[in-house]
Structures are given as structure tokens and as C-alpha cells.
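Beneath this line is the structure, given in C-alpha cells, with notes to follow.
Just so you know, all these numbers are worked out from the coordinates, no wet-lab data involved. Note that the structure is a prediction, hence the values are computed from the model and not measured. Glycine also receives a Cβ, built like all others from the backbone with ideal geometry; neighbour counts cover every protein chain displayed.
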Amino acid sequence: MRKKKILPILFCSILMLFAVLYLAGLFYFRSHFLPNTKMNGIEVSFLNEKETGELLDLIPVKLTVKEKDREGRETISEELELISGQGMDLHYKMQKISHYQNPYLWFLSSFKEKQLFCDAIDGSYDKDALAGMTGTLYCMQEENRSIPEAAHIAYENNELKIVEADDGSLITKETVLAKISEALDKALNGEKPDVIDLCDSYEKAPETRQEELERTLSSLQKVIDKKISIVISENKTEMLEGEQLKELLVLQEDALIADTVKLESYAGRIVDQYSISSSEYIAKGPLKDALRKALPREENVSIECEWIRETAARSNDLIEVSYGEQMLYYYRNGELVFSSPVVTGNEDTEIIPYGTYYVQHMKKNATLVSATYEEHVDYWIGFDFESGGHVLGFHDAQWRDAFGGDIWKTDPSHGCVNMPTDKVAMLYDAVDIGTEIHIHE
């Protein structure tokens, strides 16, 4: 009989012990976090709200930012850490412990880890300090920023094509700061922080009308499909076409123009191949100028080579130019045949060809071309200045009303010797290739 009474008493005692332990746990975990609990990645097991808050104050507030990759084709996400100090005073604002856990099931917590997240943010921030921190983002690194490109025409491997627009991956610092500031302001007003999506705020490629590109492409295609006939002589013509013509072109601002380096080489080859001797040869300068003008044109072009045929100069013939007097004198056998007022360049033109030269080029109805002007003249008598590096000469200047005197000091030539048309016509008829020229102060 006594054993039967002991068993119920023992069972009741165990139940009472479990009840006491359960109630003690329930009471304790109403104000403390359960075992195996982490919040925002830090261990908070058995900690109360104050202790947990102090730990949360030590970790930086993190915002998730969505951005474009460098090619602008995929999105990436990264966390922006807002570290307190130097104008930043942001921290996580924890809610009541009862918001995060059920204390009635405290006894189950030992069997499974629980990850909690505190999203609410409290505090304040300085925009300048925030701007400094946003500079660490992927999209703010120069190597990850590519400039948007509008649809355009490209000339690659001697072929034309339309390249589609590329938005790239460029976003301004001001835009990034504004988007993150907006998200922070909402969070500080009690809204739950969301992912900050920057992808729709990147710069866009300028719009280009497809039909305009196609019209330009069609025009440029005519440029590379044309033929240029280079007339060497009555019986010989060199054809410039196909790949050889394409090699001499370069695309610049939706226009095909001559490649100056390759044009120099090509013109040199023509001169070397077809010139007869050192005294009978193709003039390279006029050939280059003609090709430079012909290459960008859409229609077929014919160019006639200019031949230089040097003859012996008359003995003792001399062209003398005095810069100080602004006069030209022509002598034959030591006797003055005629003189003429002129207009020369001055020190501002940086071309003053003092020295002795010889007539090397003669042409009627010539066109003078440089980077800044293009002028027609009736008569051209040229000589090479600086060992052939710069061609100067005597020519008419029908745009001038007067010659001689001090005109050259205020309205100089570009380096050539300007003459009245009637006087340069006389000089043209009087001299030959090889006539000596003497220019002095």
C-alpha cells in the first residue's frame, strides 16, 4: 500500500518541477532573447533589449543598392555601409522583444538557430558625409563607368556599318546621392528600408533617328564604291578603286575624308612609279591636293597629273625681292628688265624665306590650298622653301587694291609674294624653271 502512494506523489513532484521551470523560462524570456538567437548577424542569446540595443549601435547601418554592371547589361547588388561618425549618426532601432519571438515556446529554441533582422533606422546624417560614403559604390568607380553612345556609323576593316546605341553604365554622383538620401529619409520617418534600385536612373544614349543614319550610310557607301581615274599621260591611266581606295579613307564625324598619312604614301608611289627623271616628273603637291578633294566625293572623278619639266635657266637671269622696299626686280644678263611693287609676309606669318632659291613650279589658273583658305590665281611661279617642306611662290592677288609700301606690315600675305596681275604675267612669260631667286631684307 505504501508503494502505491509514493508513485503519484513522485509524478506530481516532477510535474510541479517542470511547471516551475517552464514558468521561470516564460518569465525570463519575456525580457530576454531565446538561446541560439542572432540579430543582424550578431549573437543576442539571453540578452535583454538594452544590451541588444547597445550591440546594434556598434554595427554600421547597411543599405542594399542595386546597380548596373560595367556593360550595362546585368544588375548587381551590394551593401552600402553607413558608419557612424564624422557627420553620420545612424543606428538600428530595435522593437520590443515580444515582436521578435514567442516566449511560450522558449523550450524549443535550443534545437534550432533563429536569425532575426532589425530594419528600423533611427538617428541623423550629413549629406556631405553621405556623399563620401557613396563614393565606395561599384557604380562610382571609374573602371565601372562607361559613357553612353548613340547609334552611329562605324568604318571598320574598310566596311561601313551602323552600330546600335549603347546606354553604357554612367550615373551621376548627384543622382546616386539623391536616391540614397530619399531612401534614408523614408526610413527615418518609419518606413521599412527597401532595396535602393539605381538601374532606372542611369544616363541614356542620345537618340538618333534610324532613317537619318541609313541615309548617311547610303551616301558614304557611294564614296567608297566610286572610282578615281588618275590620268598619268595620254596613254596611261591609273585606277583608284576598291580596297585600295578604301584604305585611303578615314571616318570623321559621319564623313569620310582622306587619311593624310596614307595619302602621302600613295601619292609618293605614283610619283616614284611614273616620273621619268629628276628633271621630268609628276608634281606631288598638286596630285595630293586633287586626291584630297576627290576622295570624299560620291561620284566618279578623273584627275590629270601635273608634270614638271625643268629646263636650263637663262644665264645671269635673276628675280630679286627686297622686303624692306617691298619691290621685285627682274634682271636679264645683269640688266634690269622690269620691277614691281609686292606684298610679302611678315614676322607674324612666321614664314620669311630670306635666301637663294630657284623656280621649280609654273602653272596658269592654279588653286592655292591650305588649312585655312583656298584661292584661285591666274599665274603661279613656285619655289620650295625649307627643302621642299613648304611651297611658296609669286602669284597675282586680285583681292588686293594696292601693293608695296607698308601694306605688308598690317595686311601681309600668308608667306608668298603677291603681285599685280599684269606684272606677274610679265614675270611668268620671262622666266623658266631653274631661274634664280634672291630674297633679302
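The set of residues from region 151-189 being without any contact (Cβ under 8 Å) to a residue 24 or more places away in the chain and polar (S, T, N, Q) comprises ASN157, ASN189. Condition check for GLU156 on (1) under 24 Å from the mean Cα position of the chain (by Cα); (2) of a type outside the set (Gly, Ala, Ser); (3) surrounded by 17 or more Cβ atoms within 10 Å (Cβ to Cβ): one failure, at (3).
All but one of (1) of a type in the set (S, T, N, Q); (2) touching a Gly at 6+ places or on another chain (Cβ under 6 Å); (3) within 14 Å of LEU63 (Cβ to Cβ) hold for SER181; which doesn't? For SER181, the exception is condition (2). Of the set (1) touching a His at 6+ places or on another chain (Cβ under 6 Å); (2) acidic (Asp, Glu); (3) over 23 Å from CYS416 (Cβ atoms), all apply to GLU320 but (3). Is region 226-241 home to any residue that is of a type in the set (Asp, Glu), touching a residue at least 24 places away in the same chain (Cβ under 8 Å) and under 23 Å from LYS293 (Cα atoms)? There is at least one residue in region 226-241 that is of a type in the set (Asp, Glu), touching a residue at least 24 places away in the same chain (Cβ under 8 Å) and under 23 Å from LYS293 (Cα atoms). Screening SER124 against (1) small (Gly, Ala, Ser); (2) touching a Lys or Arg at 6+ places or on another chain (Cβ under 9 Å); (3) farther than 30 Å from SER45 by Cβ; (4) part of a strand (DSSP E or B) leaves a single unmet condition, (2). Just one of the listed residues (THR75, THR52) is of a type in the set (Val, Ile, Thr) and either closer than 30 Å to LYS204 by Cα or touching a Pro at 6+ places or on another chain (Cβ under 8 Å) (or both), and it is THR75. Annotation: of all residues in region 133-146 being in contact (Cβ under 8 Å) with a residue 40 or more places away in the chain and not hydroxyl-bearing (Ser, Thr, Tyr), the one that is surrounded by the fewest Cβ atoms within 10 Å (Cβ to Cβ) is GLU143. Quick check on LEU217: is it in contact (Cβ under 8 Å) with a residue 40 or more places away in the chain, surrounded by 14 or more Cβ atoms within 10 Å (Cβ to Cβ) and under 30 Å from ILE147 (Cβ atoms)? Against the criterion (in contact (Cβ under 8 Å) with a residue 40 or more places away in the chain, surrounded by 14 or more Cβ atoms within 10 Å (Cβ to Cβ) and under 30 Å from ILE147 (Cβ atoms)), LEU217 qualifies. Here GLU253 passes the criteria (1) assigned to a loop (DSSP other than H, G, I, E, B); (2) touching a His at 6+ places or on another chain (Cβ under 8 Å) except the one numbered (2). Of the residues in region 249-259, at least one is under 29 Å from SER275 (Cα atoms), without any contact (Cβ under 8 Å) to a residue 24 or more places away in the chain, under 25 Å from the mean Cα position of the chain (by Cα) and surrounded by 13 or more Cβ atoms within 10 Å (Cβ to Cβ). Assess whether LYS179 counts as being buried (at least 17 other Cβ atoms within 10 Å of the Cβ), charged (D, E, K, R), touching a helix residue (DSSP H, G or I) at 6+ places or on another chain (Cβ under 9 Å) and more than 22 Å from GLY41 (Cβ to Cβ). So LYS179 passes the test.
To keep it simple, each residue is scored yes or no on (1) farther than 30 Å from LEU245 by Cβ; (2) out of contact with any Pro (no Cβ under 9 Å at 6 or more places or on another chain); (3) assigned to a strand (DSSP E or B).
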| site | (1), (2), (3) |
| --- | --- |
| ASP128 | yes, yes, no |
| CYS139 | yes, yes, no |
| ILE153 | no, yes, yes |
| ILE162 | no, yes, yes |
| LYS179 | yes, yes, no |
| ALA187 | yes, no, no |
| ASP194 | yes, yes, no |
| ALA205 | yes, no, no |
| GLU214 | no, yes, no |
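Restricting attention to region 314-342, the residues that are assigned to a strand (DSSP E or B) and among the charged types (D, E, K, R) add up to 3.
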